[in-house]
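S.K.: Sending over a structure as C-alpha coordinates; questions will come in a sec.
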There are 2 protein chains.
Amino acid sequence: MNSIKQFYKQYLQNNKIRYSAQRDKILDVFLNMERHLSIAQIYELVRNKYSHIGYATVYRAMNLICKAGIAEKIDLGDGISRFEHKYGQEHHDHLICVNCGKFIEVIDTQIEELQRQLAKAHKFVLKRHKMQLFGSCCDCVKAAKQSLSVLAKDKQD
Amino acid sequence: MNSIKQFYKQYLQNNKIRYSAQRDKILDVFLNMERHLSIAQIYELVRNKYSHIGYATVYRAMNLICKAGIAEKIDLGDGISRFEHKYGQEHHDHLICVNCGKFIEVIDTQIEELQRQLAKAHKFVLKRHKMQLFGSCCDCVKAAKQSLSVLAKDKQD
DNA sequence: AATGAAACTGATAATCATTTTCACTTATTT
DNA sequence: AAATAAGTGAAAATGATTATCAGTTTCATT
Ligand SMILES: [Mn+2]
Ligand SMILES: [Mn+2]
Ligand SMILES: [Zn+2]
Ligand SMILES: [Zn+2]
(Lines give C-alpha, C1' and ligand atoms only; values in the text may rest on other atoms or scores of the structure.)
(Ligands and ions follow the chains in the order given, each with its own letter.)
Protein backbone atom coordinates (compact mmCIF):
# COMPACT_ATOMS: atom_id res chain seq x y z
CA MET A 1 0.00 0.00 0.00
CA ASN A 2 2.19 2.80 1.25
CA SER A 3 5.32 2.18 -0.74
CA ILE A 4 7.35 4.79 1.09
CA LYS A 5 6.60 3.16 4.41
CA GLN A 6 7.51 -0.19 2.93
CA PHE A 7 10.75 1.26 1.68
CA TYR A 8 11.47 2.69 5.12
CA LYS A 9 10.78 -0.61 6.85
CA GLN A 10 13.08 -2.32 4.39
CA TYR A 11 15.80 0.24 5.04
CA LEU A 12 15.54 -0.25 8.79
CA GLN A 13 15.53 -4.01 8.47
CA ASN A 14 18.59 -3.95 6.22
CA ASN A 15 20.39 -1.93 8.84
CA LYS A 16 19.14 -3.89 11.85
CA ILE A 17 17.24 -0.91 13.17
CA ARG A 18 13.85 -1.51 14.75
CA TYR A 19 10.58 -0.13 13.48
CA SER A 20 9.01 1.39 16.58
CA ALA A 21 5.58 2.96 17.11
CA GLN A 22 7.24 6.37 17.52
CA ARG A 23 9.11 6.05 14.25
CA ASP A 24 5.90 5.04 12.54
CA LYS A 25 3.98 8.04 13.84
CA ILE A 26 6.74 10.50 13.00
CA LEU A 27 7.03 9.10 9.49
CA ASP A 28 3.25 9.44 9.06
CA VAL A 29 3.37 13.06 10.14
CA PHE A 30 6.27 13.75 7.84
CA LEU A 31 4.60 12.11 4.86
CA ASN A 32 1.41 14.11 5.32
CA MET A 33 2.98 17.44 6.09
CA GLU A 34 3.53 20.60 4.15
CA ARG A 35 6.99 21.05 2.76
CA HIS A 36 9.98 22.58 4.50
CA LEU A 37 8.92 22.22 8.13
CA SER A 38 11.32 22.54 11.03
CA ILE A 39 11.82 20.01 13.83
CA ALA A 40 9.82 22.26 16.16
CA GLN A 41 6.90 22.26 13.73
CA ILE A 42 7.10 18.52 13.15
CA TYR A 43 7.25 17.99 16.91
CA GLU A 44 4.10 20.07 17.35
CA LEU A 45 2.24 18.07 14.70
CA VAL A 46 3.35 14.79 16.27
CA ARG A 47 2.30 16.02 19.70
CA ASN A 48 -1.13 17.13 18.51
CA LYS A 49 -1.79 13.78 16.95
CA TYR A 50 -0.18 11.41 19.42
CA SER A 51 1.47 13.27 22.30
CA HIS A 52 3.93 11.67 24.68
CA ILE A 53 6.76 11.63 22.17
CA GLY A 54 10.01 13.28 23.20
CA TYR A 55 11.79 16.02 21.33
CA ALA A 56 14.95 13.94 21.05
CA THR A 57 12.97 11.11 19.52
CA VAL A 58 11.74 13.43 16.78
CA TYR A 59 15.30 14.50 16.10
CA ARG A 60 16.45 10.90 15.98
CA ALA A 61 13.58 9.80 13.77
CA MET A 62 14.03 12.66 11.30
CA ASN A 63 17.74 11.92 11.05
CA LEU A 64 16.88 8.31 10.30
CA ILE A 65 14.32 9.31 7.69
CA CYS A 66 17.00 11.43 6.07
CA LYS A 67 19.52 8.61 6.12
CA ALA A 68 16.96 6.37 4.48
CA GLY A 69 16.73 8.92 1.68
CA ILE A 70 13.08 9.77 2.31
CA ALA A 71 13.66 13.28 3.62
CA GLU A 72 16.29 15.89 2.99
CA LYS A 73 17.48 18.42 5.49
CA ILE A 74 17.75 21.90 4.04
CA ASP A 75 19.69 24.75 5.53
CA LEU A 76 18.93 28.36 4.73
CA GLY A 77 21.59 29.75 7.02
CA ASP A 78 19.12 30.89 9.67
CA GLY A 79 20.12 28.18 12.13
CA ILE A 80 16.95 26.15 11.65
CA SER A 81 16.92 22.88 9.75
CA ARG A 82 13.94 22.22 7.59
CA PHE A 83 12.91 18.95 6.02
CA GLU A 84 11.42 18.17 2.66
CA HIS A 85 10.32 15.10 0.78
CA LYS A 86 13.02 13.40 -1.19
CA TYR A 87 11.71 9.93 -1.99
CA GLY A 88 10.73 9.84 -5.65
CA GLN A 89 11.27 13.59 -6.00
CA GLU A 90 13.69 14.96 -8.50
CA HIS A 91 16.33 17.40 -7.35
CA HIS A 92 15.37 21.04 -7.18
CA ASP A 93 16.70 24.33 -5.87
CA HIS A 94 14.91 27.15 -4.10
CA LEU A 95 13.80 30.72 -4.52
CA ILE A 96 13.20 32.06 -1.02
CA CYS A 97 11.28 35.22 -0.17
CA VAL A 98 13.17 37.15 2.52
CA ASN A 99 9.94 38.93 3.51
CA CYS A 100 7.34 36.20 3.93
CA GLY A 101 9.53 33.09 3.86
CA LYS A 102 7.73 31.57 0.88
CA PHE A 103 9.57 28.79 -0.95
CA ILE A 104 9.44 28.35 -4.69
CA GLU A 105 10.92 25.15 -6.00
CA VAL A 106 12.82 25.44 -9.22
CA ILE A 107 14.91 23.31 -11.48
CA ASP A 108 16.91 24.80 -14.33
CA THR A 109 18.57 22.13 -16.43
CA GLN A 110 20.82 24.65 -18.14
CA ILE A 111 22.20 25.79 -14.80
CA GLU A 112 22.64 22.22 -13.66
CA GLU A 113 24.59 21.44 -16.82
CA LEU A 114 26.76 24.52 -16.42
CA GLN A 115 27.46 23.50 -12.83
CA ARG A 116 28.69 20.12 -14.04
CA GLN A 117 30.91 21.81 -16.61
CA LEU A 118 32.23 24.21 -14.01
CA ALA A 119 33.19 21.37 -11.69
CA LYS A 120 34.79 19.48 -14.54
CA ALA A 121 36.83 22.51 -15.58
CA HIS A 122 38.31 22.54 -12.08
CA LYS A 123 38.85 18.75 -12.05
CA PHE A 124 36.30 18.50 -9.27
CA VAL A 125 34.25 15.35 -8.76
CA LEU A 126 30.88 16.85 -7.96
CA LYS A 127 28.86 15.21 -5.18
CA ARG A 128 26.06 17.69 -4.54
CA HIS A 129 25.31 21.35 -4.76
CA LYS A 130 23.28 23.99 -3.07
CA MET A 131 21.71 26.91 -4.91
CA GLN A 132 19.42 29.33 -3.18
CA LEU A 133 18.12 32.58 -4.66
CA PHE A 134 16.96 35.08 -2.05
CA GLY A 135 14.69 38.00 -2.83
CA SER A 136 11.13 39.28 -2.66
CA CYS A 137 8.27 37.27 -4.07
CA CYS A 138 5.72 38.99 -6.30
CA ASP A 139 3.14 39.19 -3.51
CA CYS A 140 5.56 40.93 -1.19
CA VAL A 141 6.68 43.32 -3.92
CA LYS A 142 3.05 44.16 -4.63
CA ALA A 143 2.37 44.74 -0.93
CA ALA A 144 5.42 46.98 -0.63
CA LYS A 145 4.35 49.05 -3.62
CA GLN A 146 0.86 49.37 -2.18
CA SER A 147 2.07 50.68 1.16
CA LEU A 148 4.43 53.07 -0.59
CA SER A 149 1.59 54.57 -2.62
CA VAL A 150 -0.49 54.88 0.54
CA LEU A 151 2.34 56.79 2.16
CA ALA A 152 2.58 59.09 -0.86
CA LYS A 153 -1.14 59.77 -0.64
CA ASP A 154 -0.86 60.60 3.07
CA LYS A 155 1.86 63.09 2.25
CA GLN A 156 -0.34 64.74 -0.38
CA ASP A 157 -3.17 65.37 2.11
CA MET B 1 47.98 54.64 2.27
CA ASN B 2 45.82 51.69 3.28
CA SER B 3 42.64 52.57 1.44
CA ILE B 4 40.60 49.82 3.07
CA LYS B 5 41.49 51.06 6.52
CA GLN B 6 40.62 54.58 5.43
CA PHE B 7 37.30 53.32 4.14
CA TYR B 8 36.66 51.54 7.43
CA LYS B 9 37.50 54.62 9.47
CA GLN B 10 35.16 56.63 7.31
CA TYR B 11 32.38 54.07 7.77
CA LEU B 12 32.80 54.13 11.53
CA GLN B 13 32.90 57.90 11.62
CA ASN B 14 29.76 58.15 9.51
CA ASN B 15 27.99 55.88 11.96
CA LYS B 16 29.40 57.49 15.10
CA ILE B 17 31.27 54.33 16.00
CA ARG B 18 34.72 54.69 17.51
CA TYR B 19 37.91 53.39 16.02
CA SER B 20 39.55 51.50 18.88
CA ALA B 21 42.93 49.80 19.13
CA GLN B 22 41.21 46.41 19.22
CA ARG B 23 39.25 47.13 16.06
CA ASP B 24 42.42 48.26 14.37
CA LYS B 25 44.28 45.08 15.29
CA ILE B 26 41.44 42.81 14.27
CA LEU B 27 41.08 44.60 10.95
CA ASP B 28 44.83 44.23 10.36
CA VAL B 29 44.67 40.52 11.05
CA PHE B 30 41.67 40.14 8.76
CA LEU B 31 43.30 42.08 5.93
CA ASN B 32 46.46 39.98 6.08
CA MET B 33 44.85 36.61 6.54
CA GLU B 34 44.20 33.68 4.28
CA ARG B 35 40.69 33.48 2.95
CA HIS B 36 37.71 31.83 4.63
CA LEU B 37 38.87 31.76 8.23
CA SER B 38 36.54 31.18 11.16
CA ILE B 39 36.16 33.38 14.23
CA ALA B 40 38.18 30.86 16.24
CA GLN B 41 41.02 31.07 13.74
CA ILE B 42 40.90 34.85 13.58
CA TYR B 43 40.86 34.94 17.38
CA GLU B 44 43.98 32.78 17.47
CA LEU B 45 45.81 35.02 15.02
CA VAL B 46 44.81 38.12 16.96
CA ARG B 47 45.93 36.50 20.19
CA ASN B 48 49.31 35.47 18.79
CA LYS B 49 50.02 38.95 17.58
CA TYR B 50 48.55 41.07 20.35
CA SER B 51 46.96 38.89 23.06
CA HIS B 52 44.58 40.27 25.66
CA ILE B 53 41.68 40.64 23.26
CA GLY B 54 38.41 38.99 24.20
CA TYR B 55 36.51 36.50 22.10
CA ALA B 56 33.40 38.67 22.16
CA THR B 57 35.39 41.61 20.88
CA VAL B 58 36.49 39.58 17.86
CA TYR B 59 32.88 38.65 17.15
CA ARG B 60 31.82 42.26 17.47
CA ALA B 61 34.65 43.55 15.32
CA MET B 62 34.05 40.99 12.56
CA ASN B 63 30.37 41.83 12.51
CA LEU B 64 31.27 45.48 12.14
CA ILE B 65 33.74 44.73 9.37
CA CYS B 66 30.96 42.87 7.59
CA LYS B 67 28.50 45.71 8.05
CA ALA B 68 31.07 48.07 6.58
CA GLY B 69 31.15 45.84 3.50
CA ILE B 70 34.81 44.86 3.93
CA ALA B 71 34.17 41.23 4.86
CA GLU B 72 31.47 38.76 4.03
CA LYS B 73 30.30 35.97 6.27
CA ILE B 74 29.93 32.69 4.46
CA ASP B 75 28.00 29.70 5.69
CA LEU B 76 28.69 26.19 4.47
CA GLY B 77 26.07 24.59 6.66
CA ASP B 78 28.58 23.15 9.12
CA GLY B 79 27.68 25.59 11.86
CA ILE B 80 30.88 27.60 11.51
CA SER B 81 30.89 31.07 10.00
CA ARG B 82 33.84 31.92 7.84
CA PHE B 83 34.89 35.32 6.60
CA GLU B 84 36.28 36.44 3.31
CA HIS B 85 37.39 39.68 1.74
CA LYS B 86 34.66 41.64 0.05
CA TYR B 87 36.03 45.15 -0.41
CA GLY B 88 36.89 45.62 -4.08
CA GLN B 89 36.25 41.94 -4.81
CA GLU B 90 33.73 40.89 -7.38
CA HIS B 91 31.09 38.36 -6.42
CA HIS B 92 32.02 34.71 -6.67
CA ASP B 93 30.71 31.31 -5.68
CA HIS B 94 32.54 28.30 -4.25
CA LEU B 95 33.63 24.81 -5.07
CA ILE B 96 34.32 23.11 -1.75
CA CYS B 97 36.25 19.88 -1.28
CA VAL B 98 34.44 17.68 1.22
CA ASN B 99 37.68 15.82 1.96
CA CYS B 100 40.29 18.49 2.60
CA GLY B 101 38.10 21.58 2.91
CA LYS B 102 39.82 23.39 0.07
CA PHE B 103 37.95 26.34 -1.45
CA ILE B 104 37.97 27.18 -5.11
CA GLU B 105 36.46 30.50 -6.03
CA VAL B 106 34.50 30.55 -9.23
CA ILE B 107 32.35 32.91 -11.20
CA ASP B 108 30.28 31.74 -14.13
CA THR B 109 28.59 34.62 -15.91
CA GLN B 110 26.28 32.28 -17.81
CA ILE B 111 24.99 30.78 -14.57
CA GLU B 112 24.58 34.22 -13.05
CA GLU B 113 22.56 35.33 -16.07
CA LEU B 114 20.39 32.21 -15.94
CA GLN B 115 19.78 32.85 -12.25
CA ARG B 116 18.53 36.33 -13.05
CA GLN B 117 16.24 34.93 -15.73
CA LEU B 118 14.99 32.26 -13.37
CA ALA B 119 14.10 34.84 -10.74
CA LYS B 120 12.41 37.02 -13.34
CA ALA B 121 10.35 34.11 -14.64
CA HIS B 122 8.96 33.73 -11.13
CA LYS B 123 8.43 37.47 -10.69
CA PHE B 124 11.03 37.43 -7.96
CA VAL B 125 13.11 40.50 -7.17
CA LEU B 126 16.51 38.94 -6.61
CA LYS B 127 18.59 40.29 -3.74
CA ARG B 128 21.39 37.75 -3.42
CA HIS B 129 22.13 34.14 -4.04
CA LYS B 130 24.21 31.32 -2.69
CA MET B 131 25.71 28.63 -4.87
CA GLN B 132 28.05 26.02 -3.46
CA LEU B 133 29.32 22.97 -5.30
CA PHE B 134 30.53 20.20 -3.01
CA GLY B 135 32.79 17.39 -4.14
CA SER B 136 36.34 16.11 -4.20
CA CYS B 137 39.17 18.25 -5.45
CA CYS B 138 41.66 16.78 -7.92
CA ASP B 139 44.31 16.33 -5.22
CA CYS B 140 41.96 14.33 -3.04
CA VAL B 141 40.78 12.25 -5.97
CA LYS B 142 44.41 11.50 -6.85
CA ALA B 143 45.19 10.56 -3.25
CA ALA B 144 42.16 8.27 -3.10
CA LYS B 145 43.18 6.51 -6.33
CA GLN B 146 46.72 6.10 -5.01
CA SER B 147 45.62 4.47 -1.78
CA LEU B 148 43.24 2.22 -3.70
CA SER B 149 46.06 0.96 -5.90
CA VAL B 150 48.24 0.40 -2.85
CA LEU B 151 45.48 -1.69 -1.35
CA ALA B 152 45.20 -3.69 -4.55
CA LYS B 153 48.95 -4.34 -4.48
CA ASP B 154 48.75 -5.46 -0.85
CA LYS B 155 46.08 -7.91 -1.83
CA GLN B 156 48.26 -9.29 -4.63
CA ASP B 157 51.10 -10.03 -2.24
C1' DA C 1 42.46 70.33 32.94
C1' DA C 2 38.03 68.59 34.94
C1' DT C 3 33.68 66.46 34.02
C1' DG C 4 29.93 63.91 32.30
C1' DA C 5 27.95 61.35 28.53
C1' DA C 6 28.52 57.87 25.28
C1' DA C 7 30.88 54.12 23.46
C1' DC C 8 33.86 50.07 24.16
C1' DT C 9 35.82 46.02 26.36
C1' DG C 10 36.21 41.52 28.31
C1' DA C 11 34.54 38.11 31.37
C1' DT C 12 30.72 35.72 31.97
C1' DA C 13 26.01 34.36 31.46
C1' DA C 14 22.32 33.50 28.33
C1' DT C 15 20.37 31.59 24.14
C1' DC C 16 19.08 28.24 20.97
C1' DA C 17 19.36 24.26 17.95
C1' DT C 18 21.07 19.94 18.28
C1' DT C 19 23.33 15.86 20.38
C1' DT C 20 24.52 12.90 24.35
C1' DT C 21 23.73 10.56 28.43
C1' DC C 22 21.52 7.41 31.22
C1' DA C 23 18.07 4.90 33.69
C1' DC C 24 14.32 2.50 32.12
C1' DT C 25 11.23 0.09 28.89
C1' DT C 26 10.45 -2.72 24.82
C1' DA C 27 11.66 -6.03 21.35
C1' DT C 28 14.46 -9.90 19.66
C1' DT C 29 17.35 -13.85 20.15
C1' DT C 30 18.93 -17.88 22.53
C1' DA D 1 12.26 -17.43 30.55
C1' DA D 2 16.70 -15.28 30.49
C1' DA D 3 19.94 -12.70 28.14
C1' DT D 4 20.92 -9.33 24.82
C1' DA D 5 20.22 -5.45 21.96
C1' DA D 6 17.81 -1.44 20.72
C1' DG D 7 14.75 2.45 21.63
C1' DT D 8 12.75 6.12 24.51
C1' DG D 9 12.30 10.38 27.03
C1' DA D 10 13.92 13.59 30.38
C1' DA D 11 17.52 16.08 31.37
C1' DA D 12 22.22 17.49 30.79
C1' DA D 13 25.82 18.68 27.58
C1' DT D 14 27.55 20.97 23.57
C1' DG D 15 29.00 24.63 20.66
C1' DA D 16 28.43 28.80 18.14
C1' DT D 17 26.81 33.18 18.83
C1' DT D 18 24.77 37.09 21.35
C1' DA D 19 23.52 39.75 25.51
C1' DT D 20 24.67 41.63 29.94
C1' DC D 21 27.10 44.46 32.92
C1' DA D 22 30.67 46.55 35.67
C1' DG D 23 34.73 48.77 34.75
C1' DT D 24 37.54 51.50 31.23
C1' DT D 25 38.39 54.59 27.50
C1' DT D 26 37.18 58.34 24.41
C1' DC D 27 34.98 62.62 23.17
C1' DA D 28 32.92 66.95 23.71
C1' DT D 29 31.93 70.66 26.76
C1' DT D 30 32.98 73.65 30.34
MN1 LIG E 1 11.95 22.13 -1.70
MN1 LIG F 1 35.55 32.98 -1.43
ZN1 LIG G 1 7.04 36.96 0.00
ZN1 LIG H 1 40.49 18.15 -1.41
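The values are calculated or read from the model by the stated rules, or taken from the named source; none is laboratory data. Nothing here was measured: the structure is a model prediction, and the numbers come from that model. All Cβ positions, even for glycine, are placed from backbone atoms using ideal geometry, and neighbour counts span all protein chains on display. When the accessible area is computed, the model is the full protein with side chains, heavy atoms only, and any ligands, DNA or RNA have been set aside. Shrake-Rupley method; radii C 1.70, N 1.55, O 1.52, S 1.80 Å.
S.K.: Please work out which residue is modelled with the lowest pLDDT, limiting yourself to region A:5-39 and to residues that are within 29 Å of A:G79 (Cβ to Cβ), hydrophobic (A, V, I, L, M, F, W, C) and more than 15 Å from DNA strand C (Cβ to nearest atom).
M.R.: A:M33
S.K.: Consider B:I70 carefully, then state whether it is surrounded by 13 or more Cβ atoms within 10 Å (Cβ to Cβ) and under 25 Å from B:F103 (Cβ atoms). Spell out how you get there, then give the answer.
M.R.: Working: surrounded by 13 or more Cβ atoms within 10 Å (Cβ to Cβ): yes; under 25 Å from B:F103 (Cβ atoms): yes.
Answer is yes for this residue.
S.K.: Taking the residues in region A:122-151 that are polar (S, T, N, Q) and facing chain B (nearest Cβ under 7 Å) as candidates, determine which candidate is surrounded by the most Cβ atoms within 10 Å (Cβ to Cβ). It would help to see each step written out before you state the result.
M.R.: Step one: of region A:122-151, the residues polar (S, T, N, Q) are A:132, A:136, A:146-147, A:149.
Retained after the next criterion (residues that are facing chain B (nearest Cβ under 7 Å)): A:132, A:136.
Details: A:Q132: 18, A:S136: 21.
It comes out as A:S136.
S.K.: Inside region A:103-121, can you point out the residues that are over 21 Å from B:S136 (Cβ atoms), within 7 Å of chain B (Cβ to nearest Cβ) and not aliphatic (A, V, I, L, M)?
M.R.: Looking only at region A:103-121, we keep the residues that are over 21 Å from B:S136 (Cβ atoms), and these are A:103-111.
Next cut, within 7 Å of chain B (Cβ to nearest Cβ) only: A:104, A:106, A:108, A:110-111.
A:D108, A:Q110, listed by residue number.
S.K.: Shifting gears a bit: Please name all residue pairs, on different chains or six or more residues apart, with Cβ atoms under 8 Å, provided the first residue is in region A:112-125 and is closer than 16 Å to B:H94 by Cβ and without any contact (Cβ under 8 Å) to a residue 24 or more places away in the chain and the second residue is open to solvent by 70 Å² or more (accessible area, probe 1.4 Å) and in a helix (DSSP H, G or I).
M.R.: Listed pairs, sorted by first residue: A:L114/B:Q110.
S.K.: Taking only region A:26-58 into account, find how many residues are near DNA strand D (Cβ under 9 Å from one of its atoms), in a helix (DSSP H, G or I) and in contact (Cβ under 8 Å) with a residue 24 or more places away in the chain.
M.R.: Residues in region A:26-58 being near DNA strand D (Cβ under 9 Å from one of its atoms), in a helix (DSSP H, G or I) and in contact (Cβ under 8 Å) with a residue 24 or more places away in the chain: 3 in total.
S.K.: Mind checking whether some residue in region A:103-110 is open to solvent by 80 Å² or more (accessible area, probe 1.4 Å) and touching a Leu at 6+ places or on another chain (Cβ under 6 Å)?
M.R.: yes
S.K.: Quick one: would you say B:E84 is within 17 Å of A:G77 (Cβ to Cβ) and either within 16 Å of ligand 3 (Cβ to nearest atom) or open to solvent by less than 40 Å² (accessible area, probe 1.4 Å) (or both)? It would help to see each step written out before you state the result.
M.R.: Working: within 17 Å of A:G77 (Cβ to Cβ): yes; either within 16 Å of ligand 3 (Cβ to nearest atom) or open to solvent by less than 40 Å² (accessible area, probe 1.4 Å) (or both): yes.
When the stated conditions are applied, B:E84 passes them.
S.K.: Continuing with the same structure: Of all residues in region B:80-102, how many are charged (D, E, K, R), assigned to a loop (DSSP other than H, G, I, E, B) and within 16 Å of DNA strand D (Cβ to nearest atom)?
M.R.: Of the residues in region B:80-102, the ones charged (D, E, K, R) are B:82, B:84, B:86, B:90, B:93, B:102.
Keeping just the survivors that are assigned to a loop (DSSP other than H, G, I, E, B) gives B:86, B:90, B:102.
From what's left, within 16 Å of DNA strand D (Cβ to nearest atom): none.
Count: 0.
S.K.: Given (1) at the interface with chain A (Cβ under 7 Å from one of its Cβ atoms); (2) modelled with pLDDT of 95 or more; (3) not in a strand (DSSP E or B), identify the lone condition not met by B:G77.
M.R.: (2)
S.K.: Out of the residues in region A:1-25 that are in contact (Cβ under 8 Å) with a residue 40 or more places away in the chain and farther than 18 Å from A:Y50 by Cβ, state the one that is most open to solvent (accessible area, probe 1.4 Å). Don't jump to the end; show me each part of the working.
M.R.: To start, the set of residues in region A:1-25 that are in contact (Cβ under 8 Å) with a residue 40 or more places away in the chain comprises A:4, A:7-8, A:11-12, A:17, A:23.
Filter again for farther than 18 Å from A:Y50 by Cβ, leaving A:4, A:7, A:11-12, A:17.
Working: A:I4: 36, A:F7: 80, A:Y11: 47, A:L12: 1, A:I17: 53 Å².
Going through the qualifying residues, I end up with A:F7.
S.K.: Would region A:59-69 turn up any residue that is assigned to a strand (DSSP E or B), within 27 Å of A:L31 (Cβ to Cβ) and within 16 Å of ligand 1 (Cβ to nearest atom)? I'd like the intermediate steps shown before the answer.
M.R.: The initial filter retains those residues of region A:59-69 that are assigned to a strand (DSSP E or B), namely none.
No; the residues of region A:59-69 include none that is assigned to a strand (DSSP E or B), within 27 Å of A:L31 (Cβ to Cβ) and within 16 Å of ligand 1 (Cβ to nearest atom).
S.K.: If you scan region B:90-102, which residues turn out to be touching a residue at least 24 places away in the same chain (Cβ under 8 Å) and either at the interface with chain A (Cβ under 8 Å from one of its Cβ atoms) or surrounded by fewer than 13 Cβ atoms within 10 Å (Cβ to Cβ) (or both)?
M.R.: The first filter runs over region B:90-102 and keeps only residues touching a residue at least 24 places away in the same chain (Cβ under 8 Å), leaving B:93-100, B:102.
Correct list: B:L95, B:C97, B:V98, B:C100.
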